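Have a look at the structure below before the remarks.
The values are calculated or read from the model by the stated rules, or taken from the named source; none is laboratory data. Since we're looking at a predicted model, the values are computed, not measured. Methodologically, a virtual Cβ is constructed for each residue, glycine included, from the backbone with ideal geometry; neighbour enumeration extends over all protein chains shown.
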2 protein chains.
Amino acid sequence: MTANRFAKTLKAPYYAVIFTNQRTGVDGEGYNATADRMVELAQTMPGFLGVESTRDETGLGITVSYWRDEQSIANWKANSEHTSARQSGNEKWYEHYELRVAKIERAYKGPR
Amino acid sequence: MTANRFAKTLKAPYYAVIFTNQRTGVDGEGYNATADRMVELAQTMPGFLGVESTRDETGLGITVSYWRDEQSIANWKANSEHTSARQSGNEKWYEHYELRVAKIERAYKGPR
């Protein structure tokens, strides 16, 4: 039941985009619809491996998406619908964010 | 005000430990005290660069800690108080977790 909110434990190397963000209080409905749509859209992209996402009651969220390689991330960044969503994010949805692109070197799961 | 929940935008490369976890409903008080203590302790470790952490109302949490290099992560893993906390995590606090070690290749912040 909870396992579907985890990405699979894949064989490294692969890539992660770590997106830590603080929401403004603005446009919750528009934000939620777009966030859901972005997950749906990402799943159609070549090289998409999974996503993990959570947010607390203060609006601090962390979303980590996983990708086969750098080219997959570049293709996702270039997607026009995603580009439009990022623009709205910059304009109204995020008070602050940090985005990091990382190469996964090893992965474990548990409890052991 | 919210900025203190973000790690700094550091110059890559550096390392991240991405810990995605689902809490059991068990021992919230003990868990919270230990989680706070682990952040306090990590800050004293050589090579610790920062941490970002959030959890939603269903108990799905993502904590990303940042480290200068692999040796810093190995030292943190070997710390005895941290090892004891991980054991409690395996025994009672986590229903499931995925842990990934990654090399940060580039980082941005926003909004732009």
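List of remarks:
- Given (1) more than 8 Å from chain B (Cβ to nearest Cβ); (2) in contact (Cβ under 8 Å) with a residue 24 or more places away in the chain; (3) under 27 Å from B:LEU10 (Cβ atoms); (4) surrounded by 13 or more Cβ atoms within 10 Å (Cβ to Cβ), number of the condition A:TYR94 does not satisfy: (1)
- Residues of region B:27-53 that turn out to be in contact (Cβ under 8 Å) with a residue 40 or more places away in the chain and β-branched (Val, Ile, Thr), as a count: 2
- Residues in region A:1-55 that are surrounded by 16 or more Cβ atoms within 10 Å (Cβ to Cβ), facing chain B (nearest Cβ under 9 Å) and assigned to a loop (DSSP other than H, G, I, E, B): A:PHE6, A:ALA7.
- B:PHE19 vs. criteria of a type in the set (Phe, Trp, Tyr), modelled with pLDDT of 95 or more and touching a Ser or Thr at 6+ places or on another chain (Cβ under 6 Å): yes
- Exactly one residue out of B:SER65, B:SER72 is closer than 24 Å to A:THR20 by Cα and assigned to a strand (DSSP E or B): that is B:SER65.
- Selection status of A:SER88, more than 26 Å from B:ASN21 (Cβ to Cβ) and small (Gly, Ala, Ser): yes
- Pick from region A:62-78, criterion touching a helix residue (DSSP H, G or I) at 6+ places or on another chain (Cβ under 9 Å) and surrounded by 17 or more Cβ atoms within 10 Å (Cβ to Cβ), ranking: farthest from B:GLU98 (Cα to Cα): A:TRP76
- Entry remark, region A:81-112: residues being in contact with a Ser or Thr (Cβ under 7 Å, 6 or more places away or on another chain), hydroxyl-bearing (Ser, Thr, Tyr) and in a strand (DSSP E or B) number 2 in total.
- Subset of region A:70-84 that is in contact with a Gly (Cβ under 9 Å, 6 or more places away or on another chain) and over 25 Å from B:SER65 (Cβ atoms) - its residue that is farthest from the other protein chains (Cβ to nearest Cβ): A:ASN75
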